Amino acid sequence: MSFLTQMSPAQAAALWSGLLILLMVALSVRVVLARRSNRVLLGDGGNAQVILAGRVFGNASEYIPAGIAALAVLTLLGLPAYALHMVGGLLFAGRVIHAISLSDRKPTPGRVIGMALTFVALILAGAMLVVHAFVG
């Protein structure tokens, strides 16, 4: 893992932004495959599998763009790579855990952990951005 400590802030932001984008593409592909396997041409067709796949993607698309934007601005502000790794790593882990754990049957511990990690990442990023708006 020493390669992580040797990254520049821009490389750290690129790593986590890239992984988050790839995660969104993977979740989108799951929607397409669910639609195809259930012969749904548009929307969810009332099919539980398609609804769940769409909701997993939708949930990720609600949080990931804000995280990527925060990584970009934190990089522009000159924060160190470790700060970007903290935000990006927490957000990526949270989104992966949440996506794997999301179930239409009941709340799962993974779903709660995934959301908690997502919130910690975004609160951390938001706090860093506000502080650096005044500290410069």
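So, of the residues in region 99-114 that are open to solvent by less than 90 Å² (accessible area, probe 1.4 Å) and within 14 Å of R55 (Cα to Cα), which turns out to be modelled with the lowest pLDDT?
Looking at the filtered set, the residue picked out is S103.
Pick from L52, L79, L129: which is in contact (Cβ under 8 Å) with a residue 40 or more places away in the chain, open to solvent by less than 50 Å² (accessible area, probe 1.4 Å) and either of a type in the set (F, W, Y) or not in a helix (DSSP H, G or I) (or both)?
Details: L52 fails: either of a type in the set (F, W, Y) or not in a helix (DSSP H, G or I) (or both); L129 fails: either of a type in the set (F, W, Y) or not in a helix (DSSP H, G or I) (or both).
Step by step, each of L52, L79, L129 is checked, and only L79 is in contact (Cβ under 8 Å) with a residue 40 or more places away in the chain, open to solvent by less than 50 Å² (accessible area, probe 1.4 Å) and either of a type in the set (F, W, Y) or not in a helix (DSSP H, G or I) (or both).
State all residues of region 3-43 that are farther than 25 Å from A66 by Cβ, open to solvent by 40 Å² or more (accessible area, probe 1.4 Å) and in contact with a helix residue (DSSP H, G or I) (Cβ under 6 Å, 6 or more places away or on another chain); if no residue qualifies, say none. Before you say what the answer is, go through the steps one by one.
We begin by selecting, within region 3-43, every residue farther than 25 Å from A66 by Cβ; these are 3, 5-6, 33-43.
Okay, now just the ones that are also open to solvent by 40 Å² or more (accessible area, probe 1.4 Å), so 3, 5-6, 33, 35-39, 41-42.
The answer is R35, N38.
I'm checking my understanding of the structure. Among residues of region 90-136 that are under 19 Å from L23 (Cβ atoms) and basic (K, R), which one is farthest from the chain's Cα centre (by Cα)?
Ranking the candidates gives R111 first.
The values are calculated or read from the model by the stated rules, or taken from the named source; none is laboratory data. The model shown is predicted, which means the values in this text are computed figures rather than measured ones. No Cβ is skipped: glycine too gets one built from the backbone with ideal geometry, and neighbour counts run over all protein chains shown. Calculation scope for accessible area: heavy atoms of the full protein, side chains included, ligands and nucleic acids excluded. Shrake-Rupley method; radii C 1.70, N 1.55, O 1.52, S 1.80 Å.
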